[in-house]
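To keep things clear, I will list the structure first and then write my remarks on it.
The values are calculated or read from the model by the stated rules, or taken from the named source; none is laboratory data. Just so it is clear, the model here is predicted, and its values are computed rather than measured. We place every Cβ from the backbone using ideal geometry, glycine too, and count neighbours over all the protein chains shown.
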Amino acid sequence: MDDLIPFSELYWEQMQTLVHSREELEAEGYRMEGLTGEEIEGLKRCRDCGCRLRKSGKKKPKPKTDVEEDLNILDDEDDKENDKEKEKKEKEKKPQCRFHPGTVVAKRFTCCNAFHPHNPPGCVEHDGHTPRAYGPNELEDDWTFYPTPATPSPDTRLAVALDCEMGTSFAGDAELIRISAVDYFSGRVLVDSLVYPAVAMAHFNTRYSGVTRGMLETARRDNACLHGRDEARTAVWQFVGPHTVLVMHGGKADLLALRWIHGQAIDTYMVESGRDMGSQKRSLRSLAEGMLGWRIQGGEHDSVEDARACRGVVHWYVENGL
């Protein structure tokens, strides 16, 4: 595939048929509006192990009919036996909360000397979780979503391929650490920058992201990075207006990390899901190799390479009349 994709009205019309509806994006998990109070509540985590403190979600039992009441009488004896089994299982239950109270020094936990890269289970166990204390509006502020500005900039493109790399914050959330955007038709790299997180990080998923703590610290010292997701989002908005088509693979995670609401997207993972392919065949690596003959993601991911590959896959769709 040549780097330049010539624009034509016919090509653009065919490409538009691949754009997902709002309903399709919402069903896939894309945010089309801000979080509700209940959703914010569901983001709260355990102070110790960091897991989400989800509600049980148990529904109230429906009123029983006379027939069901009669059947319940017959089941009473069985219920007594079942209760004994339940009590036994309760005693054998694994602890709900496991964590390391120490910190990581030279890749080992100070509490138990376990090797951190092997992701060892926690050395301390609790039967229940301890809710973390949050400041006023802390979660609301952190999880505010921003729609693409209604007034586009002079540099707005028709379509942009986007890919992000993420690490994991101490809060347990995916946090943006690199962002790349490529103009769909010209192939020009519009944005490619490390993103220094505004929150404390547990790890950088270097095996997959290709980003290390050292790279980020050097970039910050040299003023060669974006600072936090807000700066990253603003940098991309220079080229993306409300009608720009974002081309992504599994892009809901990228937009979630950016806290960004955008309603025009082609997600190649979603397109392949509609073709009833196996989950392995839906990976960007498999699509790039099968459709384009490209070998990507041989080791660490490269977000520019991935954005270009996603662009190439969509071009294949258009050229082959998918």
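Here are the numbers for the structure shown:
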| read-out | value |
| --- | --- |
| Residue under evaluation G251, criteria (1) of a type outside the set (A, V, I, L, M); (2) buried (at least 18 other Cβ atoms within 10 Å of the Cβ); (3) touching a helix residue (DSSP H, G or I) at 6+ places or on another chain (Cβ under 6 Å), criterion not met | (3) |
| Positions within the stretch 279-322 being out of contact with any Gly (no Cβ under 8 Å at 6 or more places or on another chain), closer than 24 Å to S8 by Cβ and either charged (D, E, K, R) or at pLDDT below 85 (or both), in sequence order | E319, G321, L322 |
| Test: residue in the stretch 232-247 that is free of Cβ contacts under 8 Å to residues at least 40 places away in the same chain and crowded, with 17+ Cβ neighbours inside 10 Å | no |
| All positions within the stretch 23-50 that are part of a loop (DSSP other than H, G, I, E, B) and without any contact (Cβ under 8 Å) to a residue 40 or more places away in the chain | T36, G42 |
| In the stretch 296-308, the residues that are in contact with a helix residue (DSSP H, G or I) (Cβ under 6 Å, 6 or more places away or on another chain) and free of Cβ contacts under 8 Å to residues at least 60 places away in the same chain | I296, Q297 |
| Residue within the stretch 113-127 that is surrounded by 18 or more Cβ atoms within 10 Å (Cβ to Cβ) and touching a helix residue (DSSP H, G or I) at 6+ places or on another chain (Cβ under 9 Å) present | no |
| Positions within the stretch 283-305 being among the acidic types (D, E) and under 18 Å from S186 (Cβ atoms), in sequence order | E305 |
| Strands (runs of 3 or more DSSP E) wholly inside the stretch 120-233 containing at least 2 residues that are closer than 30 Å to Q14 by Cβ, among the acidic types (D, E) and outside the structural domain of L284 (by TED's automatic domain parsing) | none |
| Considering residues of the stretch 254-271 that are over 14 Å from the mean Cα position of the chain (by Cα) and surrounded by fewer than 22 Cβ atoms within 10 Å (Cβ to Cβ) only, the residue nearest to F145 (Cα to Cα) | G263 |
| Count - residues of the stretch 141-197 that are in contact with a Gly (Cβ under 6 Å, 6 or more places away or on another chain), surrounded by fewer than 24 Cβ atoms within 10 Å (Cβ to Cβ) and modelled with pLDDT of 95 or more | 3 |
| The stretch 227-241: number of residues that are farther than 8 Å from V195 by Cα and out of contact with any helix residue (DSSP H, G or I) (no Cβ under 8 Å at 6 or more places or on another chain) | 9 |
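Yes/no per residue for (1) without any contact (Cβ under 8 Å) to a residue 40 or more places away in the chain; (2) of a type in the set (F, W, Y):
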{"position": "V124", "(1), (2)": "no, no"}
{"position": "A133", "(1), (2)": "no, no"}
{"position": "E138", "(1), (2)": "yes, no"}
{"position": "W143", "(1), (2)": "no, yes"}
{"position": "P152", "(1), (2)": "no, no"}
{"position": "T156", "(1), (2)": "no, no"}
{"position": "L162", "(1), (2)": "no, no"}
{"position": "E165", "(1), (2)": "no, no"}
